[in-house]
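Please read the structure below before turning to the comments.
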Amino acid sequence: MRTAWRHARLATMDGDQPWGWIDDGALVVEGEHIVWIGEDRALSARPNIDREVDLHGALVTPGLIDAHTHLVYGGDRAAEFEMRLQGASYEQIARAGGGIRSTVTATRAASDDVLLDAAVQRARALMAEGVTTVEIKSGYGLDAWHEARCLRVARRLGDALPLAVRTTCLAAHTLPPEFEGRADAYIDAVCSWLPSLQREGLIDAVDAFCETIAFTPAQTRRVFEAARALGLPVKLHAEQLSDQGGAALAAAFGALSCDHLEYLGEDGIAAMARAGSVAMLLPGAFYFLRETRLPPVAALRAAGVPIAIATDHNPGSSPALSPLLMLNMACTLFRLTPEEALRGMTTHAARALGLADRGRLAAGCRADLAIWPLAHPNELAYWLGQHPRPRVVFGGQERVA
Ligand code: DI6
Ligand code: FE
């Protein structure tokens, strides 16, 4: 079955032209993939089209990719938000045993179905704004049983929804209370869980939180060595609250991405450029924690490091479920151009997940499409507080989000 989607204004995000623009374009989809894309007038020469859909000039982009989320967790942290407004800092709350640990308690107490239902609601909000692929990290279980359980919930979410799910093990997120004062022993435990998690098909990548309130570079390195021994790619929460040299360490392991990066220095940028790691900027966390130190966008651009944008959805530092709001914040707070922001949630986000078959509209790529009621793609980063609702096509199938 070959379907031609005709008369679209295509922001392919492929190639070097602005937006990869095609003014009156068409795509031919067979199964889950795009088999042809080009000017609509060149389509008439194509034989064997079974079905035609006229898009009447609608804007089509690649489906959005939210490549950094913590979507599976129990409870919320609204009370902690209130404490921060009464003067406590994110770090103070974490050091006092709140923060991530309070979400660990709530997550361990929640049943699989409760975790799944909540994650499905969140994922539907992302899909309603055009997300077709999401990355989901563990990191609120923090023991072998609960980490595996949260990753299984993430996999079940991918079965329950048309959305594609990639999973990342973030067991090295914070020290669980059982290991108080024994961080190295906890890292030993994390390394020992990875083989069975991989055997069960639960992890596509391995992440860690390298920070004064979490794990040291030496501990992070041990997690990365265990990942490398299994052939698993790594990524890192790096330089979010201070410069630990985490990005350079991750780059030395060929990291797919280094994420947050407000405190990234020149050595880290050079190491990322050499390794081809993506800089994953997370404006939701920057905003919600009222950070003032900006990620070094100009230096990243100058070094040719690809920049990606994600929601970082999590209950503590970014309870955001609007990818389009993140595009706006990437522009207003980090001064990305609207086109850079969209590349950050398409082409570069795909690269941050190690996926070559999506994030742009090209022959051979998945037919993951967002069809927008908008005149120009710069509007994706423009509207604030009320967002356009796209029609969404997941691997060739249009589904109501
Ligand atoms: N950095 C973050 O912004 C999230 N995790 C991390 O390592 C926050 C997680 C949380 O506060 O629950
Ligand atoms: Fe995160």
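The values are calculated or read from the model by the stated rules, or taken from the named source; none is laboratory data. Being a predicted model, the structure only gives us computed values, none of them experimental. We place every Cβ from the backbone using ideal geometry, glycine too, and count neighbours over all the protein chains shown.
General remarks:
- With respect to (1) free of Cβ contacts under 8 Å to residues at least 12 places away in the same chain; (2) in contact with a helix residue (DSSP H, G or I) (Cβ under 9 Å, 6 or more places away or on another chain); (3) small (Gly, Ala, Ser), the lone exception for residue 275 is condition (1).
- Any hit, segment 128-136, residues being under 23 Å from residue 359 (Cα atoms), in a helix (DSSP H, G or I) and either of a type in the set (Ser, Thr, Tyr) or at pLDDT 95 or above (or both): yes
- Exclusive hit being under 25 Å from residue 32 (Cβ atoms), under 22 Å from the mean Cα position of the chain (by Cα) and in a helix (DSSP H, G or I), set 227, 154: 154
- One residue from 109, 88, 94 being near ligand 1 (Cβ under 9 Å from one of its atoms) and of a type in the set (Gly, Ala, Ser): 94
- Taken together, 174, 212 contain a single residue that is assigned to a loop (DSSP other than H, G, I, E, B), within 16 Å of ligand 1 (Cβ to nearest atom) and surrounded by fewer than 17 Cβ atoms within 10 Å (Cβ to Cβ), which is 212.
- Of all residues in segment 244-265, those that are over 18 Å from residue 281 (Cβ atoms) have Cβ atoms under 9 Å from Cβ atoms of residues that are in a loop (DSSP other than H, G, I, E, B), 6 or more apart or on another chain, in 245/239; 245/265; 249/255; 253/233; 254/233; 254/276; 254/277.
- Hits in segment 309-335 - residues which are over 12 Å from the mean Cα position of the chain (by Cα) and in a helix (DSSP H, G or I): 324, 325, 327, 328, 329, 330, 331, 332
- Among the residues of segment 137-151, those that are crowded, with 17+ Cβ neighbours inside 10 Å and assigned to a helix (DSSP H, G or I) comprise 146, 147, 148, 149, 150, 151.
- Look at (1) more than 24 Å from residue 331 (Cβ to Cβ); (2) within 16 Å of ligand 1 (Cβ to nearest atom); (3) surrounded by fewer than 23 Cβ atoms within 10 Å (Cβ to Cβ) and you find that residue 250 fails only one, number (3).
- Enumeration of residues in segment 336-387 that are assigned to a helix (DSSP H, G or I) and hydrophobic (A, V, I, L, M, F, W, C): 341, 342, 349, 350, 352, 380, 381
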